[in-house]
Amino acid sequence: MERLGERTTMMAKNQNNNAPVQKNDIITATFEDLTHEGAGVAKVDGYALFVPYGLPGETAKIKVLKTKKGYGFGKMLERIEESRDRTDAPCPIYYLCGGCQLQHMTYEAQLRFKHKQVQDAVTRIGGLDHVPVHPTIGMEDPWRYRNKAQVPVGTRDDGHLKAGFFQKRSHRIIDMESCIIQQGANDEAVQIVKNIADHYNIKAYDEESHRGTLRHIVTRQANSTEQLMIILVTNGPDLPHKKDLIHDLREAMPNVTSIVHNVNSKKTNVIFGEKTEVIWGDEYIYDYIGDIKFAISARSFYQVNPSQTKVLYDKALEYAELRGNETVIDAYCGIGTISLFLAQKARHVYGVEAIPEAVSDAKRNAKLNKLDDITTFAVGEAEELVPWWHKANGLQPDVFVVDPPRKGCDEKLLQTMIDMQPEKIVYVSCNPATLARDLNILEDGGYETKEIQPVDMFPQTNHIESVTWLEKRSKRSV
Ligand code: SAH
C-alpha cells in the first residue's frame, strides 16, 4: 500500500487525517497503478486514492468517498481518457456481483497485472531483485472454467425462487441466469434445480427470519468424466418431495451420478452443515488430473480449475526434478493432489495436512491410484509434525514442497525446512505478499530463489497463484 509522501504532508489541508482532498470532493486524476485487489490507484499530490475499476493510464473524474491517514477511497464518475487495457465486461451483472473483479480488463492485461503483483512483492517485500518472474501462464479460453457452483437461494418479489450471488458487500441475492466463469454443465444444473424446486413449491430459506427450506444449491462437475453431483442444502432435516426431486433431477440431467442432501440448521454464513446424506447414486464423482484419479465427495476440497491445476502441478514437478529415488515432503497437502502427482516420480512422499477429512481423502486417492505403498499421509499442523518427523524419526527429504493458505508458512516450519536442508524447495503460493516474506527467510537460511512462475488459476478474479523453485545454495554454487 502506498504511504503518504513528504510533499503531501506539507500540502495537507486543514484536516486531522492530512488528506489533500475531502469527502465529496470531485477531482480529476490519472491512475498510476493497481492495488492487489485490482482497484485503480490515483495520486493527488502524492496521496493515494483507491478507485474500483480504474486502470493505469486512464484519466477520470472521481468523487472522493472517504479519506484516511495516508490513503482514501473514491468512485469513478466519468472516464476522460481510456486505457487500451479496458474492455466491456461480458457478464451483465459484473458490476453488482462480487464474484469477479477483473472483467473490465482485457485478459492479456489481467495476466500482466498478476505478473506485476508477484514481481512487486518479491522486490519490495522480499528484497529479491535478482529473481526472474516469468510471464503468467493463462488459459486459452479464460471463461467457463469453474467445476463447482455454490449458489444461495432466495425468494423473488413474485414469490418464485431465485438463485444467484450475494450482491457486493450485502446479503441481497441477485437472481442469475448464467455465471460465465462456471462450466456450462454447472450453470445449467443450477437453473434446472431451481426450476424443479420451484415447481414443487419448495420454499427458500430466509436469513432474517431463519425460516424456509432450501439454502444453497451446490453442483460439482468432474471434467474428465463429466459426472455431475448435485447437493441440496436445507435448513433442517426435512427435504419435501424428495422422491419427485430425485426423479426429475435425474430425468433432466442424465450426467448426474450423485444427489446429496446436506442439513444446515445454523444461523451462519457457512454453506454446509454437519449432516450429509447421499440420497441417490454414488458418494463420489471421479476426476482425473493428468493420470491421477481423484474421488470427490460433497465436502471434499478440490481445485476449482482442473486444467490450470495440471499446468501448475506440472511446473511444480518440473521444478522438483525428481528422478525416482527422492524422499519428498508435501506440507499443507489437502487431499494429496500435489503429493500424488509427485509420487509418480519419487521414492516416497510424506503429506501433512491439518484437516482430518482431507487426509482420509488423500489416503483414499492414494489407494485409488495404487500409490499407497509409496505415500504416507498424516493429520496435524505442519509446523508441529514435520519437526517431530525430523527429530524423532530422522526424516530427511530431498525435496520439500509447500502449498500453504493465504497467511503463508508458519515460521517454525520455515526454520525446520532450513534445518532439514533439502536440496530443493518448491513453494506453491496463493498470496504473493506472504510468499515474498517467506522467500526472504529461506534465502537467509541458505536457499537461492531460482525462478517464479505465476499461473492463472482464477481468470477474471484478482486471485494470484504462483510456483517458486528454490535450491540449496551450497549445492550448485560450489
Ligand atoms: N495442496 C493442496 C491444498 C492446498 S490449500 C492442493 O493443491 O489441493 C492449503 C491447505 O493447508 C488446506 O487444505 C488447509 O487445510 C491446510 N492447512 C492450513 N494450515 C495448516 C497447518 N498449519 N498445517 C497443515 N495444514 C494446514
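Values quoted throughout were computed directly from the atomic coordinates according to the rules given, and no laboratory measurement underlies them. Only a predicted model underlies this, so the values are computations on that prediction, with no experimental measurement involved. Reconstructed Cβ throughout: ideal geometry from the backbone, glycine too, with neighbour counts over all protein chains shown.
Details
- Relative contact order, whole percent, for the chain stands at 12, derived from Cα pairs under 8 Å and 6 or more residues apart.
- Straight-distance candidates among the aspartates and glutamates for linking to residue 61, with alpha-carbon spacing under 14 Å and chain neighbours fewer than 8 residues away dropped: 25, 78, 81, 82.
- Filter on 114/315; 23/114; 116/407; 391/450; 310/363 - keep pairs with C-alpha separation over 25 Å: 23/114; 391/450
- Size-normalised alpha-carbon gyration radius of the stretch 310-400, reference 2.2 N^0.38 Å: 1.00
- Over all projection directions, the Cα-based convex hull of the chain averages an area of 25.6 nm².
- Per-pair calculated FRET efficiency, R0 = 35 Å: residue 266 and residue 224 via Cβ, rounded to 0.05: 0.50
- Length released on extending from residue 112 to residue 474, taking residue separation times 0.36 nm less the Cα-Cα span: 126.9 nm
- Over the stretch 243-379, the fraction of Cα-Cα pairs per 5 Å bin, rounded to whole percents and listed from the shortest bin up, is 2, 10, 17, 18, 18, 12, 10, 7, 4, 2, 0, 0.
- For the stretch 91-148 and the stretch 299-341, distance of Cα centres in Å: 21 Å
- One Cα centroid belongs to the stretch 18-70, the other to the stretch 393-455; the line between them spans 36 Å.
- Using a Förster distance of 45 Å, the FRET efficiency for residue 321-residue 88 (Cβ separation, nearest 0.05): 0.55
- For residue 242, the aspartates and glutamates whose Cα falls under 19 Å of its own Cα, not counting residues fewer than eight places away in the same chain, are 198, 251, 277, 282, 283.
- Greater than 28 Å apart at Cα, pairs in 68/168; 75/266; 66/148: 75/266; 66/148
- Amide proton proximity set for residue 54, modelled H, under 5 Å, gap of 5+: 40
- Extension gain for residue 17-residue 210 works out to 65.3 nm (0.36 nm per residue, less the C-alpha to C-alpha distance).
- Fraction of beta bridges assigned by DSSP in the chain that are antiparallel (%, nearest 5): 70 percent
- Among the GluC sites (Glu not before Pro) in the stretch 367-460, those located in a DSSP loop and surrounded by at most 15 other Cβ atoms within 10 Å of their own Cβ are 381.
- Under 17 Å from the Cα of residue 203 - aspartates and glutamates, other chains or at least 8 residues apart: 157, 158, 175, 238, 244
- Between residue 134 and residue 195, the simple spin-label model (points 7 angstrom out along Cα→Cβ) gives 4.4 nm.
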